[in-house]
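Asks: My structure is below; once you've seen it, I'll send some questions.
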Amino acid sequence: MTHSETLVLDGGAVADRIREGLAPRIARLKERGVVPCLATVLVGDDPASATYVRMKGNACKRLGIASIRVELPAATTTEELVAAIRGLNGDAAVHGILLQHPVPPHIDERAAFEAIAAQKDVDGVTTLGYARTAFGLADFPCCTPAAIMAILAHYELPVSGRHAVVIGRSPILGKPVSAMLLNADATVTTCHSRTADLPAIVRLADIVVAAVGKPKFVRGDWIKPGAVVLDAGYNPGNVGDVDYAACAAHASAITPVPAGVGPVTIATLLKHTVDAAEKFGA
Ligand code: NAP
């Protein structure tokens, strides 16, 4: 069975709405002498990561948010990275710090994330940020999970009482989005690489969140007719974790890739930076 009218969830429109709300807040901050500032930290020369960091810097610039780019060589040690992050913690002009994931494998990424001051953890990557997200108390939950929730809210798609199946359990995406859906009163099943008979579980879902990191992983015949599909995946060649055409044929609503979750993630990062500047800026 196919779904007759599938709503394409336009991430650009959701991102525009978020940015529109930020412009007057940034103007008010500047009147107070505070220019919101995001520091991005990139380690190594992975081209995809460099592109993401550049996109985030450009997005800041368009909105009048300052940005500082810290670029460190691939041979950077954990200690050197932690020291660079601590330097940003101590810089009063910086309101948000984003360490681009992944870092080279010899670095202890968790230790680097933990070095980010809670007040500047605008991507919710510290254990405190994660715990506060789980309690529904976070100032800045992880940006991609928050973007997924913002898309659901923007389109007034019901979450309460629905069965949400999240595929993926990473600390920056699958786990926090599961917690946020649970806090929004969904019944949540979180799946991962050891899940038995994944297709059968996904077929039960009213809401499917794909956060796997494998192109076109979610098949059309896994989607219950009328389900809502949110594709957080972003694989080389602008391909999501969902087989878009096949899943759109069954879904009542679906995010495309690109122009779905990605732009909302960036707008959410900007919003969190402005939130941090308002809350903690001098
Ligand atoms: P990750 O850390 O690699 O985690 C992937 C998750 O998928 C893991 O929990 C893994 O299970 C699970 N998985 C892998 N193979 C599976 C399988 N065969 N069946 C079921 N589950 C499986 O990735 P991530 O950082 O969460 O990112 C996920 C995707 O989101 C990627 O495409 C990434 O590019 C994208 N992403 C997008 C944005 C955005 O702004 N749109 C932001 C961040 C990430 P185990 O835990 O058992 O290994």
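Every number here is computed from the coordinates shown, using simple stated rules; none is lab data. Here the structure is a predicted model, which is why all the values come from computation and not from measurement. No Cβ is skipped: glycine too gets one built from the backbone with ideal geometry, and neighbour counts run over all protein chains shown.
Asks: Per residue of the chain, what 222 nm ellipticity follows from adding -39500 (n - 2.57) for every DSSP H run with n ≥ 4, rounded to the nearest 500?
Replies: Using -39500 (n - 2.57) per qualifying helix, the result is -12500 deg cm²/dmol.
Asks: Would you mind checking which residues have amide H under 5 Å from LEU7's amide H? H placed 1.01 Å from N; only 5 or more apart, or other chain.
Replies: ALA253, ILE254
Asks: With springs only between Cα atoms under 10 Å, which of ASP139, ASP91, ASP221 fluctuates most in a Gaussian network model of the chain?
Replies: ASP91
Asks: To continue, here is another question. Could you grab the relative contact order for the chain? Cα pairs under 8 Å, six or more apart, rounded to a whole percent.
Replies: Relative contact order, the chain: 24 percent.
Asks: With contacts defined as alpha carbon pairs under 8 Å and 6 or more residues apart, what's the relative contact order of the range 31-184 in percent?
Replies: That works out to 20 percent.
Asks: If you don't mind, another one. For the range 150-282, what is the charge dipole size about the Cα centre, in debye to the nearest 20, if Lys and Arg each add +1 at the Cβ and Asp and Glu each add -1 at the Cβ?
Replies: Once rounded to the nearest 20, the dipole reads 300 debye.
Asks: Multiply the residue gap between ARG110 and SER193 by 0.36 nm, knock off their C-alpha separation, and tell me the result in nm, one decimal place.
Replies: Contour length minus Cα-Cα distance gives 27.8 nm.
Asks: For SER67, which sequence-distant residues (separation of 5 or more, or a different chain) have an amide H within less than 5 Å of its own amide H, given hydrogens modelled in the peptide plane?
Replies: Amide H to amide H, under 5 Å and 5 or more residues apart or across chains, SER67 pairs with LEU38.
Asks: State which helices in the chain qualify, where a helix is a whole DSSP H run, it must extend 18 Å or more along its own axis by its Cα atoms, and its mean Kyte-Doolittle hydropathy must be at least 0.0.
Replies: Helices meeting the span and hydropathy rule in the chain are 261-280.
Asks: With charges only on Cβ, +1 for K and R and -1 for D and E, what is the dipole size of the chain about its Cα centre, in debye, rounded to 20?
Replies: Dipole magnitude for the chain comes out near 340 debye.
Asks: Compute the FRET efficiency between LYS279 and ALA200 as 1/(1 + (r/R0)^6), taking r as their Cβ-Cβ distance and R0 = 35 Å, and round to the nearest 0.05.
Replies: So, using R0 = 35 Å, E works out to roughly 0.20.
Asks: Can I ask one more? What is the mean projected area of the alpha carbon convex hull for the range 143-261, to one decimal in square nanometres?
Replies: 6.4 nm²
Asks: Around HIS250, which amide H atoms from residues at least 5 apart in sequence, or from another chain, sit under 5 Å from its own amide H, with H modelled in the peptide plane?
Replies: So HIS250 has HN proximity to HIS3.
Asks: Here's another thing I want to ask about it. Taking all pairs of distinct Cα atoms, average 1/r, flip it, and tell me the Kirkwood hydrodynamic radius of the chain in Å to one decimal place.
Replies: Every distinct Cα pair counted, the radius reaches 19.2 Å.
Asks: Can you work out the Karplus-derived ³J(HN,Hα) for every residue in the range 36-43? Use 6.51 cos²θ - 1.76 cosθ + 1.60 with θ = phi - 60°, whole Hz, and x for glycine or proline.
Replies: x, 9, 10, 9, 9, 10, 10, 10
Asks: Counting only GluC sites (Glu not before Pro) that are in a DSSP loop and have at most 11 other C-beta atoms within 10 Å, tell me the longest site-free stretch of the chain.
Replies: With GluC sites (Glu not before Pro) excluded where exposed in loops, the chain gives 6-155 as its longest stretch.
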